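Below is one structure, written out as structure tokens; comments come after it.
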Amino acid sequence: MKLEGCSAVVTGGASGLGAATARLLASHGVKVAIFDMNAEKGEAMAAEIGGVFCNVNVTDEASVDAGFAKARAAIGQERILINCAGTGNAIKTASRSKEDGSIKHFPLDAFDRIIQINLVGTFRCIAKSAAGMLTLPPMEDGERGAIVNTASVAAEDGQIGQAAYSASKGGVVGMTLPIARDLSSEGIRVNTILPGIFNTPLLQGAPQPVKDALGAQVPFPKRLGNPEEYASLAVEMCRNSYFNGEDVRLDGAIRMAPR
């Protein structure tokens with residue numbers, strides 16, 4: 001796919017993996033809309049790259065619809081969608097208190113929240129973006145668009161306490177090929193990245209010894225991943241027209257231990 005002159009939507013684009021991808025797309029001449037709930041960072045990112053910010057909650061259908069309407073009015077119908085919006089938690093399925101021996105289980109509302117953001121929110125954006133892409137004429141190579149999702153290595157080797165997070169990211173992996181098949185006749189490609197341990201805002205506030213210890217777990221290179229490395233793969237998945245229906249780990253060969 002020729003990137004220059006295309007429009008893109010990046011969810012979770014105000015920081016971390018999404019921000020790095022938005023910057024790289026913009027450097028290739030792509031007009032970018034940032035979907036995020038952090039208005040301050042989102043507006044700053046949009047100003048930096050000459051894009052548009054849309055205050056979007058991916059769990060709310062009306063919010064997503066309004067975001068796409070605002071983005072398309074400003075930069076046109078997107079041919080690229082990058083799904084980076086997501087979150088996580090860490091709660092054991094069931095546990096016993098060391099203090100008094102009381103037993104509790106994973107609160108189901110907390111489980112559902114992660115599924116709604118990471119899995120349903122991703123699919124909501126895919127479905128609405130793909131419907132918009134269908135209104136576009138195909139490019140010279142027959143393509144109408146490209147979609148890149150963000151899962152996690154936890155989809156395959158989730159750690160203790162990651163039942164909800166792993167389920168949500170495993171769902172993103174599981175739906176990648178069926179969606180790619182659904183959209184193949186219309187020239188829309190779909191791929192997913194499974195990042196390992198990346199130096200995102202979640203970890204940037206951690207003490208350096210903690211980050212060093214996490215990086216030491218990676219076979220090579222022994223460090224945290226950089227958001228720019230994620231962005232590089234995401235952009236290649238858009239650019240390379242033979243990249244379709246794939247789930248790719250980007251993790252320095254790490255395989256997560258139970259804890």
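The values are calculated or read from the model by the stated rules, or taken from the named source; none is laboratory data. Bear in mind that the values here come from a model prediction, so they are computed numbers and not experimental data. Ideal geometry is used to build each Cβ from the backbone, glycine not excepted, and the neighbour counts take in all protein chains shown.
So here's what we get for this one:
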item	result
Matching residues, the range 133-163, being in contact with a Leu (Cβ under 9 Å, 6 or more places away or on another chain) and either over 17 Å from residue 196 (Cβ atoms) or in a helix (DSSP H, G or I) (or both)	133, 134, 144, 145, 146, 147, 154, 155, 156
Selection count where residues are within 18 Å of the chain's Cα centre (by Cα) and under 18 Å from residue 25 (Cβ atoms), scope the range 47-70	5
Residue in the range 186-200 that is of a type in the set (D, E, K, R), under 25 Å from residue 83 (Cα atoms) and modelled with pLDDT of 95 or more present	yes
Subset of the range 195-224 that is in contact (Cβ under 8 Å) with a residue 60 or more places away in the chain and farther than 19 Å from residue 156 by Cα - its residue that is surrounded by the fewest Cβ atoms within 10 Å (Cβ to Cβ)	202
Top-ranked residue in the range 141-159 [being under 21 Å from residue 200 (Cβ atoms) and either of a type in the set (Lys, Arg) or surrounded by fewer than 20 Cβ atoms within 10 Å (Cβ to Cβ) (or both); ranked as farthest from the chain's Cα centre (by Cα)]	159
Criterion violated by residue 232 - all others in (1) more than 30 Å from residue 93 (Cα to Cα); (2) modelled with pLDDT of 95 or more; (3) surrounded by fewer than 18 Cβ atoms within 10 Å (Cβ to Cβ); (4) touching an Asp or Glu at 6+ places or on another chain (Cβ under 9 Å) satisfied	(4)
Any hit, the range 211-221, residues being more than 14 Å from the chain's Cα centre (by Cα) and of a type in the set (Phe, Trp, Tyr)	yes
Residue that is touching a His at 6+ places or on another chain (Cβ under 8 Å) and aliphatic (A, V, I, L, M), where the choices are 131, 167, 94, 127	94
Among (1) touching a Cys at 6+ places or on another chain (Cβ under 6 Å); (2) farther than 23 Å from residue 231 by Cβ - the single one residue 140 does not satisfy	(1)
Residue match in the range 109-119 (condition: more than 23 Å from residue 173 (Cβ to Cβ) and within 24 Å of the chain's Cα centre (by Cα))	yes
Residues of the range 1-35 that turn out to be in a helix (DSSP H, G or I), buried (at least 24 other Cβ atoms within 10 Å of the Cβ) and either among the β-branched types (Val, Ile, Thr) or more than 19 Å from the chain's Cα centre (by Cα) (or both), as a count	1
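The rows are residues; the columns are (1) closer than 30 Å to residue 240 by Cβ; (2) of a type outside the set (Lys, Arg); (3) free of Cβ contacts under 8 Å to residues at least 40 places away in the same chain.
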{"site": "9", "(1), (2), (3)": "yes, yes, no"}
{"site": "23", "(1), (2), (3)": "yes, no, no"}
{"site": "27", "(1), (2), (3)": "yes, yes, yes"}
{"site": "65", "(1), (2), (3)": "no, yes, no"}
{"site": "77", "(1), (2), (3)": "yes, yes, no"}
{"site": "87", "(1), (2), (3)": "yes, yes, yes"}
{"site": "92", "(1), (2), (3)": "no, no, no"}
{"site": "109", "(1), (2), (3)": "no, yes, yes"}
